[in-house]
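Q: Next up is a structure, given as structure tokens.
The values are calculated or read from the model by the stated rules, or taken from the named source; none is laboratory data. The shown structure was predicted, so the numbers you read here are calculated from the model rather than taken from an experiment. FYI the Cβ positions are ideal-geometry reconstructions off the backbone, even for glycines, and counts take in every protein chain you see. The area values use the complete protein model at the heavy-atom level, side chains included, leaving out ligands, DNA and RNA. Shrake-Rupley method; radii C 1.70, N 1.55, O 1.52, S 1.80 Å.
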Amino acid sequence: MTADAEHETRVRTRRTKSVSRAEDLQKEEARVRESQPDRPCHKPRDSLFSWSSGFDNFTGLVNWGFLLLTMGGIRLLLENFIKYGIRVDPEQWLIVLTGRHEGGADHPSLILLTYSVVPVVLCLLIEKGLSVEIISYAPGMIAHIINLLVLVMIPMVVIHVKPSGFSLIGATTVCMIYSILFLKLWSYIQVNLWCRNRRSSMSKSHLRRQSLSFHNKNESNSVPNGFVDHEEKNAEATLIHYPDNLNLKDIFYYILAPTLCYELNFPRTNRIRKRFLVKRILEVVVGFQVVMCLFQQWIIPSVKNSLIPFSNMDVAKATERLLKLAIPNHLVWLIFFYLMFHSFLNLVGELLHFADRNFYCDWWNANNIDTFWRSWNMPVHRWAVRHLYKPLVELGYGRMAASVAVFFVSAFFHEYLVSVPLRTYKTWAFMGMMGQIPLSMISKFMEKRYGPRWGNLVVWASLILGQPLCIMMYYHDYVITHIGEDLIDRYGHV
């Protein structure tokens, strides 16, 4: 042992003894104080609200906050009833959903939804041609690109050319279905491309190994674990291999499955749990009614009353309307999240025996914006990582460039789902999604500088305030563009 090592050992031992000695002295001092006749009751302690106290049990304050929040919500609800009366009217739901007063008699939404089968079948036919080499790679990819572009453009063109035939709900449904089909077919094309490349590489590798005699190959396979090889062959035989997956049954199962990422062999459940299925059906039915009631009773009046302050750029009144709209909007958003990602997707997964039910993670605990977007919508996140982020990184692009590309595609479809049904192209949703990139930097700074709790507060603040602000802006632009400023005088009372 060197002299430096011995010295370091002595120093470390001496420090350990000094710490132990200090603890002994503190204990001895405490015993001496307790034995005093004045019965001392004080000792060195920090206040509970001090960070150095180590106290972290604030359950009572959390309960107080929830109670206060509930009381405030009830007060706003009573104020709404007193001011507007009971606005819930199921007949109006049917009018809005069917578009009886907005749409025409030819129901173009139903026609477009029926037509959505065509690009799916075209995609399958192109893949069949590529698999048997009737179509070469370049023409096949060009045909796929044209098919996908037409798929996205059809709702934009038809809704713009024939606006009077579409109800708002019908146009929104069409755009949603076509967006999902675009992402699903992208995944279908890319996965089959991976399978073709693998088959091509394996065939080339097989040709290179023709020098190995068939006799020696049989000898190498006749090993004592032949039974295990037989088991593996049986397991392998149960799997679907390319190009056996290229059929109508396979692609339509994938189209209906609650996922955006294609696989040749999805994990399956053995049976349908009837009690679980009934619970999900009841949640969807009851939850949908609750959402419609909240829209009629609370959100629509709040949005209409925001028109004049927002049009006049009255910052104080517009902010008050924003905060007033934030509570019902956020409540509807939370209910919608539960209905879509838990109730409805589990319902579809149960009916189709689809075993992967990881539709969301604990996004409510996200300490920054990046974690939130990776957690709250797992089907979209999984698609973005598998089919956009990783391929771009493998092509040599940086991680930052790949992340920007993911946000750009997401921003496009957010804008697509809002602007096309409203026929109001103002790019607020697009800019809002692209604004998540600097907001992500702010949330990470808050998390690193002030702790995870502050990063989580930034995430919640962006969710609570960002959505109603976007709603107010689009409603104002929709009124100005399609109805005229006379509606501002009619509904813009304070």
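Q: Excluding residue 77 itself, calculate the net charge of residues whose Cβ lies under 13 Å from the Cβ of residue 77, where each Lys or Arg counts +1 and each Asp or Glu counts -1.
A: Charge balance in the 13 Å sphere: +3.
Q: Then there's this: Taking a probe of 1.4 angstrom, what is the accessible area of residue 285 in Å², to the nearest 10?
A: 80
Q: Provide the solvent-accessible area of residue 373, counting protein heavy atoms only and rolling a 1.4 Å probe, rounded to the nearest 10 Å².
A: 60
Q: Applying 1/(1 + (r/R0)^6) with R0 = 45 Å to the Cβ-Cβ distance of residue 111 and residue 200, what FRET efficiency is obtained, to the nearest 0.05?
A: About 0.65, to the nearest 0.05.
Q: Let me ask you something else. Provide the FRET efficiency to the nearest 0.05 for the residue 417-residue 43 pair, computing r from the beta carbons and using R0 = 56 Å.
A: Working from the Cβ atoms, E equals 0.35.
Q: Round to a whole number: what % of the accessible area of the range 127-186 belongs to carbon and sulfur, probe 1.4 Å?
A: Here it works out to 80 percent.
Q: Also, quick follow-up: What length, rounded to one decimal in nm, is gained on full extension from residue 441 through to residue 50, with 0.36 nm per residue of separation minus their alpha-carbon distance?
A: Length gained between residue 441 and residue 50: 137.9 nm.
Q: While we're here: Name the residues of the range 104-134 whose amide N is less than 12 Å from a point 7 angstrom out from the Cα of residue 162 along the C-beta direction?
A: 104-115
Q: Moving to a separate point now. Assuming R0 = 60 Å, what is the FRET efficiency of residue 335 and residue 27, from their Cβ-Cβ distance, to the nearest 0.05?
A: Calculated transfer efficiency: 0.60.
Q: Across 5 Å bins from the origin, how do the percents of Cα pairs in the range 344-437 run, short distances first?
A: Using 5 Å bins, I get a P(r) of 2, 12, 16, 18, 19, 16, 11, 4, 0 for the range 344-437.
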